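To start, the structure under review is shown below, and the notes come after it.
The values are calculated or read from the model by the stated rules, or taken from the named source; none is laboratory data. What you see is a predicted model, and the numbers here were worked out from it, not measured in a lab. Here the Cβ positions follow ideal geometry from the backbone for every residue, glycine too, while neighbour counts run over all protein chains shown.
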Amino acid sequence: MADPTPSQQPAASAGSDYPASSVAGTVRSSRGDVAELTFAPLDEAAAIRAVSDAGAGANVLFSGTTRDSFQGKQVTRLEYEAYTSLALKTLRGILEAAHTTAPFSVSSQPPSPSPPPASRITKVYVSHRLGIVPVGETSILIAVSSPHRKEAFVLAEWILEEVKKEVAIWKREVYADGRQIVAPDGQGPAAVWKANFPAS
C-alpha cells in the first residue's frame with residue numbers, strides 16, 4: 001500500500017474548516033499528559049506550565065523551528081498538514097508509551113532510546129503547529145518534567161523521534177528560487193512535501 005499523502009487523506013490545513021488561530025484537536029493520556037495540533041503560534045511558557053510539578057526537579061523543553069535553508073536552497077516557509085483524527089490517536093499512544101515502555105540505562109543510551117519508567121517521568125506535553133510556519137517560528141514543542149534531568153532529556157528526544165516516525169503529519173518546504181520541484185503527490189512548483197508517516 002502506498003504511503004498516504006495530503007491528497008489521499010482527510011487533512012487539517014490552513015485552507016480547511018479550521019480558522020487559522022484555532023486548535024485542530026487535543027488529546028490527553030490516562031495520566032493527564034497533553035498533546036495538541038494547532039494553527040496558532042506555539043507558546044513555550046505554556047508548555048513549561050503544562051509539565052511543572054512540585055515533585056519534578058527537571059523541566060526539559062525542545063523547540064523545533066523553521067530554518068532558512070535546506071541543501072543549499074533558501075527556504076521561505078514550511079506548511080504542515082495532518083490527518084487529524086489519526087494523528088491525535090497516534091499522539092495519545094505516544095503519551096501512554098512514555099509511561100509504560102520498559103526502562104533503559106540512561107548512562108548508555110541506545111541509538112533509538114526507549115522511554116524511562118513511569119516513576120522517573122512526571123508530565124509530558126506535545127504541541128505541533130499546522131498551516132504556515134515562517135522561518136524562525138516554532139513548529140513543535142515537547143516538554144517533559146521528571147525528578148531528574150537525564151530521564152527528561154532522553155524522553156524528550158524519544159518523543160520527537162516517535163512523532164517524526166509515526167504521526168500522520170506532512171511538511172511542505174517552500175523555496176525562494178522558484179525552481180519546479182514536484183513531489184510524488186504531484187505538488188509544485190517551488191515546493192516539496194515530506195511525509196512523516198511510514199510506509200505500511
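Starting from residues that are among the hydrophobic types (A, V, I, L, M, F, W, C) and assigned to a strand (DSSP E or B), keep the ones in region 75-91 and report whichever is farthest from GLY25 (Cα to Cα).
Per the stated criteria, the residue is VAL75.
Say whether the condition of being outside any loop (DSSP other than H, G, I, E, B), hydrophobic (A, V, I, L, M, F, W, C) and surrounded by 16 or more Cβ atoms within 10 Å (Cβ to Cβ) is met by at least one residue in region 61-72.
yes
Residues in region 45-69 that are more than 19 Å from the chain's Cα centre (by Cα) and aromatic (Phe, Trp, Tyr): how many?
Going through region 45-69 one residue at a time, the tally reaches 0.
Filter region 54-73 for residues that are out of contact with any Gly (no Cβ under 7 Å at 6 or more places or on another chain) and under 21 Å from LEU130 (Cα atoms) and give the result.
Correct list: LEU61, PHE62, SER63, GLY64, ARG67, ASP68, SER69, PHE70.
Tell me the residue from LEU42, LEU37 that is surrounded by 14 or more Cβ atoms within 10 Å (Cβ to Cβ), assigned to a loop (DSSP other than H, G, I, E, B), at pLDDT 95 or above and touching a Lys or Arg at 6+ places or on another chain (Cβ under 9 Å), please.
Selected residue: LEU42, the only one of LEU42, LEU37 that is surrounded by 14 or more Cβ atoms within 10 Å (Cβ to Cβ), assigned to a loop (DSSP other than H, G, I, E, B), at pLDDT 95 or above and touching a Lys or Arg at 6+ places or on another chain (Cβ under 9 Å).
Just to be sure before I move on: is GLU81 surrounded by fewer than 18 Cβ atoms within 10 Å (Cβ to Cβ) and at pLDDT 90 or above in the structure I sent?
No; evaluated as a whole, the condition is false for this residue.
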